[in-house]
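Below you will find the structure I want to go over with you.
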Number of protein chains: 2
Amino acid sequence: MPKLWNETIEAHRRTVHDAILDATVELVRERGLLAVTMSQIAEKTGIGRATLYKYFPDVETILVAWHGRQVAGHLERLSRAGEHEGDAGQRLEAVLETYAFIHQQMARHGFGPDLVALLHRSQDVGHAQHQIHALLRDALSEGVRAGAVRDDVAAEELAAFCLHALQAAAVLPSKDAVQRLVAVTLGGLRAR
Amino acid sequence: MPKLWNETIEAHRRTVHDAILDATVELVRERGLLAVTMSQIAEKTGIGRATLYKYFPDVETILVAWHGRQVAGHLERLSRAGEHEGDAGQRLEAVLETYAFIHQQMARHGFGPDLVALLHRSQDVGHAQHQIHALLRDALSEGVRAGAVRDDVAAEELAAFCLHALQAAAVLPSKDAVQRLVAVTLGGLRAR
């Protein structure tokens, strides 16, 4: 018997849930946000429409759930980067680089402004951005205490600077270009 | 007789055109993008609906025209800043500061992501952003030649860094905070 049958119902639900998110995002990528229907999603996931509706009421809710899963993954990657070995400056660099690469990867997904606008109406997204901001602010404060980051501008404002500057990674073509962006951003943060 | 009557028809048309844009933006600010109708716009502008339709087919087209007018104004402000007296470094600083203040002001208009998504579907907006990018890249290249800007990263990439970093002005509360943002951004550009 396949192992799946031995798992709990909760684990099975989680598998179906994740398969729905993946199928939906793939369809949106192929066809655009407005062209995707619940029937197509059910078909691509390999479940019935009635089952799909037990999980989600509409396409928008699925995409918000997908984005929530993405952001949770990003937060985990950023937290891990913040535990990087070395001094405060190296940890800060690891966090900034991770954030920049996340943005480069997101841009490669090629989502249009429709989807971005939809997701930004979601409260969860605002909450996640707040967490990312807090994580970065803490890494910057640690850098200030260690003398690696300038202390003439509040960590709060430096975090806003970093978050925006590193989003330029979305328009950069290569990994090298992203690393140069991180170096330039760090140049702005440096204690003088 | 009021002076208006002596003006050419073209000038009259321009006045009505601009009044429509202003009325529409004010209504969108008050009520949100989806709640605004052509009838409300005609009423607020003080013209008939039939006249309004001679100028614009729908609300979306009016908003794109309004945004085009805004961006033309921004480009003019940036060009003037680029002709600032002083050396290349001072001119660059003037351009960066102008761009940051433009973003702070735009954020205060309080437009939501719906409108942003709508405007970003417009080709004109892409063209204008390209012009702003080119203007900044030229100011940076001038800075590199003068030894004021680092030469280890292409001006093209530095321009992307600046444009994104300075958009943080949208979340900053004061003029002083924007000037600190410009200082931090310049720190990243500095030749070492």
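The values are calculated or read from the model by the stated rules, or taken from the named source; none is laboratory data. Bear in mind that the values here come from a model prediction, so they are computed numbers and not experimental data. FYI the Cβ positions are ideal-geometry reconstructions off the backbone, even for glycines, and counts take in every protein chain you see.
Looking at A:Ile41, A:Ile62, A:Ile20 in this structure, which one is under 30 Å from A:Leu166 (Cα atoms), in contact with a Leu (Cβ under 8 Å, 6 or more places away or on another chain) and crowded, with 19+ Cβ neighbours inside 10 Å?
A:Ile62
Please enumerate the residues belonging to region B:83-103 that are in contact (Cβ under 8 Å) with a residue 60 or more places away in the chain and of a type in the set (D, E, K, R).
B:Asp87, B:Glu93, B:Glu97, listed by residue number.
So the check is Cβ under 9 Å with 6+ separation or different chains; which pairs have a first residue in region B:164-192 that's within 19 Å of A:Ala169 (Cβ to Cβ) and a second one that's surrounded by 23 or more Cβ atoms within 10 Å (Cβ to Cβ) and among the hydroxyl-bearing types (Ser, Thr, Tyr)?
Pairs found: B:Ala165/A:Thr185; B:Ala165/B:Thr185; B:Leu166/B:Tyr99; B:Leu166/B:Thr185; B:Gln167/B:Tyr99; B:Ala168/B:Thr185; B:Gly188/A:Thr185.
Scan region B:80-104 for residues that are of a type outside the set (A, V, I, L, M, F, W, C), assigned to a helix (DSSP H, G or I) and surrounded by 14 or more Cβ atoms within 10 Å (Cβ to Cβ) and jot them down.
Within region B:80-104, B:Gly82, B:Gly89, B:Arg91, B:Glu93, B:Glu97, B:Thr98, B:Tyr99, B:His103, B:Gln104 qualify.
A further question on this structure: Here is a list: B:Ile47, B:Ile41. Which entry is part of a loop (DSSP other than H, G, I, E, B) and either touching a helix residue (DSSP H, G or I) at 6+ places or on another chain (Cβ under 6 Å) or over 24 Å from B:Gln131 (Cβ atoms) (or both)?
Unique residue meeting the criteria: B:Ile47.
Could you list all residues from region A:141-158 that are assigned to a helix (DSSP H, G or I) and more than 9 Å from chain B (Cβ to nearest Cβ)?
A:Ser141, A:Glu142, A:Gly143, A:Val144, A:Arg145, A:Ala155, A:Glu156, listed by residue number.
Does B:Gly188 satisfy the condition of being closer than 24 Å to A:Ala191 by Cβ, surrounded by 19 or more Cβ atoms within 10 Å (Cβ to Cβ) and within 11 Å of another protein chain (Cβ to nearest Cβ)?
yes
Among the candidates A:Arg29, A:Arg108, A:Arg49, single out the residue that is within 28 Å of B:Ala165 (Cα to Cα) and among the basic types (Lys, Arg).
A:Arg108
Can you tell me which of (1) modelled with pLDDT under 75; (2) within 14 Å of chain B (Cβ to nearest Cβ) is the one A:Asp124 doesn't meet?
A:Asp124 satisfies every listed condition except (2).
While we're on this one: Scanning for something within 12 Å of chain A (Cβ to nearest Cβ), assigned to a helix (DSSP H, G or I) and of a type in the set (Val, Ile, Thr), does region B:162-171 turn up at least one residue?
Yes, region B:162-171 contains at least one residue that is within 12 Å of chain A (Cβ to nearest Cβ), assigned to a helix (DSSP H, G or I) and of a type in the set (Val, Ile, Thr).
Look at region A:153-190 and say how many of its residues are under 23 Å from B:Gln179 (Cα atoms) and in contact with a helix residue (DSSP H, G or I) (Cβ under 8 Å, 6 or more places away or on another chain).
24
If you check every pair at least six apart or on different chains, which have Cβ atoms under 9 Å apart with a residue in region B:57-80 that is over 14 Å from B:Asp18 (Cα atoms) first and a residue that is among the acidic types (Asp, Glu) second?
Every condition considered, the pairs that remain are B:Val71/B:Asp124.
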